[in-house]
Structures are given as structure tokens and as C-alpha cells.
1. Checking the table Lys33/Lys124; Lys36/Lys78; Lys78/Lys106 against a 20 Å threshold on Cα-Cα, which pairs fail?
2. For Arg58, what accessible area in Å² do you get when you roll a 1.4 Å probe over the heavy atoms of the protein chains, rounding to the nearest 10?
3. Quick one: 3J(HN,Hα) in Hz for region 32-46, Karplus 6.51/-1.76/1.60 with θ = phi - 60°, rounded, Gly and Pro as x.
4. Rounded to the nearest 10 Å², what accessible area does Asp127 have for a 1.4 Å probe in the complete protein model?
5. What is the spin-label model distance, in nm, from Asn109 to Phe135 if the labels are put 7 Å beyond Cα along the C-beta direction?
6. Applying the Karplus parametrisation 6.51 cos²θ - 1.76 cosθ + 1.60 with θ = phi - 60° to the phi angles of region 132-137, what ³J(HN,Hα) value in whole Hz is obtained for each residue in order, glycine and proline being reported as x?
7. Near the amide H of Val129, under 5 Å away, which other amide H atoms are found, from residues 5 or more places off or on another chain, if H is placed in the peptide plane?
8. Dipole of region 22-141, Cα-centred, from +1 at each Lys and Arg C-beta and -1 at each Asp and Glu C-beta, to the nearest 20 debye?
Amino acid sequence: MKKGNKNNILRAAKNAKKDEFYTQLSDIENELKHYKNYFNNKIVLCNCDNPNVSNFSRYFVDNFDKLKLKKIISIGLKNIGSSNFFVYDRDKYNNSAISFEQIEMKQLNGDGDFRSEESIHFLKEADIVVTNPPFSLFREYV
Ligand SMILES: C[S@@+](CC[C@H](N)C(=O)[O-])C[C@H]1O[C@@H](n2cnc3c(N)ncnc32)[C@H](O)[C@@H]1O
């Protein structure tokens, strides 16, 4: 194998590994505490955010009242299991607070890619996008 090809493969592997790096809850808390006043009555989208695992999703559900959020939408990519998503707002849960574990996960029709029609549909509905995106697609994502 040529040296250039090998370097490309190693770089791709490194990027793929970085793409599945999950942000720690303590880092999310430390960062988002600076933006608390921006979330009032807002719809937050986490569109690169395996909803079963992501601490961003957990953070927003657990702090729904404190941040005075209107709605949270969290979407996951199919390549790490299923393309799960959830939408959380008080109307759907009889206006009562619930824990993250009680959130009802649903399946997307597509693969959950942030460029997909379903994901863009949620993007149009959202006021704020919060996530830690895949590093390998950072430019395209932004
Ligand atoms: C750096 S991880 C961060 C995960 C989560 N946002 C967090 O901070 O804990 C990036 C996530 O984006 C997902 N991802 C990769 N490519 C994607 C794409 N094209 N569309 C949507 N999500 C993607 C990966 O599966 C991974 O879960």
C-alpha cells in the first residue's frame, strides 16, 4: 500500500473514532450555565445526538423547567443502532415533569442524518441547535 493511502485510512479511522466521542455531563453543565437566559420558551434541537446515550438530551430533559424550555427534539444516526428520536414537550406528557428514563423513544423513517429530510424538518421548527457534531463533517454541519 502506498504511504499516502495508508495515511488517508488512518486519518479516516481517527475521525470516525472522534465522531463517536460523547460529551460528559459535567462539561455540558459547565458550558451551558452561561446561556441559561437564552432558552426561555425555546425549541431546542439536538440533531447529532444518539438520544439513548447523549448527555445533551439528558441535560435538557432534566433541566426543562429550570431553563423554561418549550420543546426538546433529539435525533440519532442509524449507524450506531437505530435511528431513534424523541420529542419532549409538556403537552405530550399531561403537563407534568418526567425523568429522562421515561421519555418515549421513536423510530425515524430514514437514517437520522442531519442532512436528511426528516432532520431538516425538525431544524426548521427549532429555535436553537445544541450538540457536539461529528468532527469529520464539521464544516458541512456548520
Ligand atoms: C462527537 S459525537 C457527539 C455525540 C453527542 N452530541 C455528544 O456530544 O455527546 C457526534 C455524533 O454525531 C453522530 N453523527 C455522525 N455523522 C452524522 C450525520 N451525518 N448525521 C447525524 N449525526 C451524525 C455520531 O453518530 C455521533 O453520535
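The values are calculated or read from the model by the stated rules, or taken from the named source; none is laboratory data. Computed from a predicted structure; not experimentally measured. Counting neighbours? That spans all protein chains shown, and the Cβs are built from the backbone with ideal geometry, glycine included. Surface areas here come from the heavy atoms of the whole protein model, side chains and all, with no ligands, DNA or RNA. Shrake-Rupley method; radii C 1.70, N 1.55, O 1.52, S 1.80 Å.
1. Working: Lys33/Lys124 25 Å; Lys36/Lys78 31 Å; Lys78/Lys106 13 Å.
Listed pairs above 20 Å: Lys33/Lys124; Lys36/Lys78.
2. 70
3. Result, rounded to whole Hz: 6, 5, 7, 10, 3, 6, 8, 8, 4, 6, 9, 9, 9, 10, 10.
4. About 90 Å², ignoring ligands and nucleic acids.
5. It works out to 3.6 nm between the two label points.
6. Karplus-based 3J(HN,Hα) across region 132-137 equals 10, x, x, 4, 5, 10 Hz.
7. Result for Val129 returns Leu45.
8. Details: 15 positive and 17 negative charges, 64 e Å.
So the dipole magnitude of region 22-141 works out to roughly 300 debye.
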